[in-house]
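One structure is given here, and the rest of the page talks about it.
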Amino acid sequence: MLLDTRAAERSPKIDSPVTSLLVLYGMTGFSGLMAEQALEKYVTLLVGATASASAVIIFTYFLGFAVGGLAAAYGLKRGLVRNPLRAYAGIELATGCACVAFSFAFPTAMALLAPLQDLSTGEFGKYLVRFASGCILVLPIAGLMGASFPLLAQALDDTDVNAPKRWSLAYSANLAGAVLASLAAPFLLLPAIGLRGGMWLCLAICIVVAIFVQVRGGAASPVRLKRSTGVNGAKWQLENSYLLAASFLSGVLFFALEVIWIHLVGAVVGGSTYAFSWMLTSVLIGLWAGSWIANRSKSIRPSKVFLSCAFALLIQLSAWPIAPALFAIAPAWVAAGFYTRELFRLLIACVLIVPAACSLGLIYPTLLKSPQINRAENAWFAGYLSAANSIGCLAGALLSTFVLVNRLGSELSLKAITLVLGALWLFFDLREPKHGFRPRLVTAVMAVMLIWGTHAVTWNWLYLTSGASMYFGENTAAWAAPSPNRVAPWVSNTLVFRDESIQGGFTTVTVRRTDSGASLPESGINLFTNGKLQGNDDQTGMVQAQQVGTAVLPSLFTKHFKQALLIGLGTGHGAAVLKQLGFERLDIAELSPGIVRAVNAEFRHTNYGVLDDPTVHCALEDGRNLLLTRTDGPYNLITIGLTTIWFSGATNLYSQEFYQLARQHLADDGVLQQWVQLHRIGPEEIASAIASIRSVFPYVSYWGYDGAGMVLAANHPLDPQVTQREVLASMLSQHGGLALKDAQGLMDRILQGRLLSEQAVDRMIRALRPVINTDQNRHLEYATPKYSSSERDWAKYNAEFLKQWERQ
């Protein structure tokens, strides 16, 4: 057989010293996952919250794992590591200290590395600079983490040199710790202690591990424990190369899938930080389940593993478009509570991901149980396997991020990977001895079923991008069916534009049409990202009015109209209004290329082709990163139009540190406007957002217009001038097609929407003492999703709550 993955005949016996080491390595998995989540959130502050920028962290993380694994393997093989347990303890202690040091040094490092991103203006060159920055920040910690597995593997071997290898048990223990961390971190730990607190927790766990190893690790089995002596003369066998190739391939396949799953989860399960945490939890549960099965099985044939992987992925492929319907039919009591909603999301994520992840999770622990490994003299080969798997994960992430999703799309990518797994099954199956006609017939039937099933599955993109998970099926138009007894024409949503990219997720444009095909222009054309409404062309609708308000309101307090920055393009109507109001130059930061394409393709009638204006510069960039790397003159206006505060990564634009950055790039007489919603949010969270801005800007007020909440902040009193109102009304009348009287009425309605004056803001902050949202605590990221589905009219409730401070 090309690759023998049968388990050793004697199953590993778990004795007390081994149990202690496995528990310790489970704690390492817990602290490692905590550190990984914190590192990801930290580094996006430097490289941006875009998907391609965030991928930098993944790449450097696995590169560090590979480097650390190879370094530990080299030390073990050459006999440089005299005591693996003490080396493991030292690595753990160094990892914890590095995590805490990173949290304190990051602001300084970010200030030093941010200007380097301007070394290249091209997309690929900028990406290389970000990759180098990520390596500088993350590689040392990831390298230390990667070195722990081969050291622990050697320590396990040394407890009983005659026992079979227990590497797969260590792998399972590490995954178990990671599963616990993935559940506890978003729900309990990070909301309570923040990112820096999470790093301190990692240090505390690492200290406990190091002390236990030093105090009890050596005394646990003093008779059997021996020192590593090195294996300079160990002979490399051909089977070792096969194992490394298989380890690399398992990493490629699994992480290519994980990137695609992350991409799909934003549309199907939800866009909050909790939804992405549940995806990670589901993946880890699947991996742990696969390792548990592998550990309990005496023999697992590669053909059976790859066959189960292929069919599990085929079933998942069919389930992605219909999974949103489960949110639409969820019981009312599920949607009524935050914890029940999130646990339901976790359940859906597990149903979608765990079977496929479990099947794929059989591969790596099965390799760790291979008889070829049991013939090895030392655990140095564990470092090679770990490095090969990490490099495979890196390659899979690169493949999905830059090729599969952007070129093929998620549907075709999943089909291609399913067929690759099927081909691997056939490769190993045909090498196994078969007797008679029946086994060959079964193989042929299974192959035909797999190919036919992969070809037959076709996604309904209206179902997939319905956004039912956002508000638990409050918008069920995607599944609406015509009534047989209807009198009026049946109205349904029709998809007129679709774009998919790793950077922007799923961008769709829908129009409501009757069953006869007639469109309903009065309903508007709607723009969505992952099922979340971003804007429409309905001139009387609330969403369109919000874009007008976020452009007009801050302009009423702006004294000069040279340069403006708009973060969040929407349908482009807000950008068009800013140009109509007379700004000489307009910079736009929009991280989704799909939205830019949709604006040009479907909304030119409402934005007047604003992106074609030579004075308008649209960057496919995270807004914070654009400010971080900007070297030009200050802006007279910065207006932020994010439509959802609880989306994952949005808190980067609502933190105290962001406002400090914005103030640095704002002219002394400039104005900052930020959309802070009134609906689906609690008064404490609104107060927190306002207080965070007030902690940086001396003058802050809060306004409401057509259901939208807007914060104004400046270094000068926010007093509108009558002459400014008249000038802007004239500009809108001249360039925006409005009658002068209508333009003046618009200005009056907007100015009548003040909910909190500067004095009222200060009174509210003194009374409530709300939490200041920072890059460290990320309070709004964890607090605001609690209101995403609620029967209360939060817009009305919050407006009344805020007005009490104005009346005092």
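Taking I750 as the residue in question, decide whether it is touching a helix residue (DSSP H, G or I) at 6+ places or on another chain (Cβ under 6 Å), closer than 19 Å to R807 by Cα and either part of a helix (DSSP H, G or I) or open to solvent by less than 60 Å² (accessible area, probe 1.4 Å) (or both).
It is false that I750 is touching a helix residue (DSSP H, G or I) at 6+ places or on another chain (Cβ under 6 Å), closer than 19 Å to R807 by Cα and either part of a helix (DSSP H, G or I) or open to solvent by less than 60 Å² (accessible area, probe 1.4 Å) (or both).
Check whether at least one residue in region 595-604 is outside any helix (DSSP H, G or I), closer than 30 Å to R749 by Cα and not β-branched (V, I, T), and report yes or no.
yes
Being surrounded by fewer than 21 Cβ atoms within 10 Å (Cβ to Cβ) and either touching a residue at least 40 places away in the same chain (Cβ under 8 Å) or among the aromatic types (F, W, Y) (or both) is the filter here, so list the residues in region 394-418 that pass it. I'd like the intermediate steps shown before the answer.
Going residue by residue through region 394-418, those that are surrounded by fewer than 21 Cβ atoms within 10 Å (Cβ to Cβ) are 395, 398-399, 402-403, 406-409, 411-412, 415-416.
Passing the criteria: A395, L398, L399, F402, N406, G409, E411, K415.
Only one of F106, F62 is open to solvent by less than 50 Å² (accessible area, probe 1.4 Å), under 27 Å from L201 (Cβ atoms) and modelled with pLDDT under 85; which?
Exactly one residue qualifies, and that residue is F62.
Could you grab me the full set of residues in region 644-674 that are β-branched (V, I, T) and in contact with a Phe, Trp or Tyr (Cβ under 6 Å, 6 or more places away or on another chain)?
Of everything in region 644-674, just one residue is β-branched (V, I, T) and in contact with a Phe, Trp or Tyr (Cβ under 6 Å, 6 or more places away or on another chain), namely V671.
Could you grab me the full set of residues in region 252-262 that are open to solvent by 10 Å² or more (accessible area, probe 1.4 Å) and within 16 Å of C309 (Cα to Cα)?
Within region 252-262, V252, L253, F254, F255, E258 qualify.
Here's the yes/no breakdown for (1) within 24 Å of V47 (Cα to Cα); (2) more than 27 Å from the chain's Cα centre (by Cα):
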{"residue": "P614", "(1), (2)": "no, yes"}
{"residue": "D622", "(1), (2)": "yes, no"}
{"residue": "L628", "(1), (2)": "yes, no"}
{"residue": "A650", "(1), (2)": "yes, no"}
{"residue": "D669", "(1), (2)": "no, yes"}
{"residue": "E684", "(1), (2)": "no, no"}
{"residue": "I690", "(1), (2)": "no, no"}
{"residue": "Y699", "(1), (2)": "no, yes"}
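Which residue pairs have Cβ atoms under 9 Å apart, sit 6 or more places apart or on different chains, and have a first residue in region 427-448 that is at pLDDT below 75 and a second that is open to solvent by 50 Å² or more (accessible area, probe 1.4 Å) and small (G, A, S)?
Hits for this filter: zero, empty list.
Inside region 689-721, can you point out the residues that are among the aromatic types (F, W, Y) and either under 16 Å from I772 (Cα atoms) or in contact with an Asp or Glu (Cβ under 9 Å, 6 or more places away or on another chain) (or both)? Don't jump to the end; show me each part of the working.
First pass over region 689-721, keeping only residues among the aromatic types (F, W, Y): 697, 699, 702-703, 705.
Hits for region 689-721 are F697, Y699.
Quick one: A423 ticks every box in (1) crowded, with 18+ Cβ neighbours inside 10 Å; (2) at pLDDT 85 or above bar one, so which box is it?
(1)
Do we find that Y797 is over 16 Å from R694 (Cα atoms), surrounded by 18 or more Cβ atoms within 10 Å (Cβ to Cβ) and among the aromatic types (F, W, Y) in this structure?
Numbers: over 16 Å from R694 (Cα atoms): yes; surrounded by 18 or more Cβ atoms within 10 Å (Cβ to Cβ): no; among the aromatic types (F, W, Y): yes.
For Y797, the condition - over 16 Å from R694 (Cα atoms), surrounded by 18 or more Cβ atoms within 10 Å (Cβ to Cβ) and among the aromatic types (F, W, Y) - is not met.
Which one of these does A210 not meet: (1) modelled with pLDDT of 85 or more; (2) closer than 22 Å to F62 by Cα?
Result: A210 fails condition (2) only.
Out of the residues in region 263-320 that are at pLDDT 90 or above and part of a loop (DSSP other than H, G, I, E, B), state the one that is surrounded by the fewest Cβ atoms within 10 Å (Cβ to Cβ).
Among residues in region 263-320 that are at pLDDT 90 or above and part of a loop (DSSP other than H, G, I, E, B), the one surrounded by the fewest Cβ atoms within 10 Å (Cβ to Cβ) is W320.
Please determine, by comparing only the residues of region 402-450 that are over 25 Å from F255 (Cβ atoms) and of a type in the set (V, I, T), which one is farthest from the chain's Cα centre (by Cα).
Going through the qualifying residues, I end up with V442.
Count, please, the residues in region 321-363 that happen to be open to solvent by less than 20 Å² (accessible area, probe 1.4 Å), farther than 18 Å from S788 by Cβ and in a helix (DSSP H, G or I).
Residues that pass the stated criteria total 8.
Could you tell me whether Y659 is over 30 Å from A109 (Cβ atoms) and either at pLDDT 95 or above or surrounded by fewer than 21 Cβ atoms within 10 Å (Cβ to Cβ) (or both)?
no
Show the residue pairs that are 6+ apart or on different chains and have beta-carbon atoms under 7 Å apart, the first residue being within region 130-154 and surrounded by fewer than 24 Cβ atoms within 10 Å (Cβ to Cβ), the second being of a type in the set (D, E) and at pLDDT below 90.
Close Cβ pairs satisfying both conditions: none exist.
Modelled with pLDDT of 95 or more and closer than 22 Å to A576 by Cα: is that true of L642 in this structure?
Taking the combined requirement at face value, the residue does not satisfy it.
Take the residues of region 783-792 that are open to solvent by 60 Å² or more (accessible area, probe 1.4 Å) and under 13 Å from P683 (Cβ atoms): which is modelled with the highest pLDDT? Spell out the reasoning first.
Step one: of region 783-792, the residues open to solvent by 60 Å² or more (accessible area, probe 1.4 Å) are 786, 791-792.
With under 13 Å from P683 (Cβ atoms) added as a condition, the list becomes 786, 792.
Values: K786: 85, R792: 73.
Ranking the candidates gives K786 first.
To keep it simple, each residue is scored yes or no on (1) more than 30 Å from V215 (Cα to Cα); (2) among the β-branched types (V, I, T).
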site: F65; (1), (2): no, no
site: L76; (1), (2): no, no
site: L80; (1), (2): no, no
site: N83; (1), (2): no, no
site: Y88; (1), (2): no, no
site: T95; (1), (2): no, yes
site: A111; (1), (2): yes, no
site: L119; (1), (2): yes, no
site: K126; (1), (2): yes, no
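Check whether at least one residue in region 687-700 is in contact (Cβ under 8 Å) with a residue 12 or more places away in the chain, under 18 Å from L653 (Cβ atoms) and assigned to a strand (DSSP E or B), and report yes or no.
Within region 687-700, one or more residues are in contact (Cβ under 8 Å) with a residue 12 or more places away in the chain, under 18 Å from L653 (Cβ atoms) and assigned to a strand (DSSP E or B).
Take the residues in region 515-558 that are touching a helix residue (DSSP H, G or I) at 6+ places or on another chain (Cβ under 8 Å) and charged (D, E, K, R); name whichever of them is modelled with the highest pLDDT.
Ranking the candidates gives K532 first.
The values are calculated or read from the model by the stated rules, or taken from the named source; none is laboratory data. Only a predicted model underlies this, so the values are computations on that prediction, with no experimental measurement involved. Positions of Cβ are generated from backbone atoms using ideal geometry, with glycine treated the same way; all protein chains shown enter the neighbour counts. Quick note on the areas: whole protein, heavy atoms, side chains included, nothing else; ligands and nucleic acids left out. Shrake-Rupley method; radii C 1.70, N 1.55, O 1.52, S 1.80 Å.
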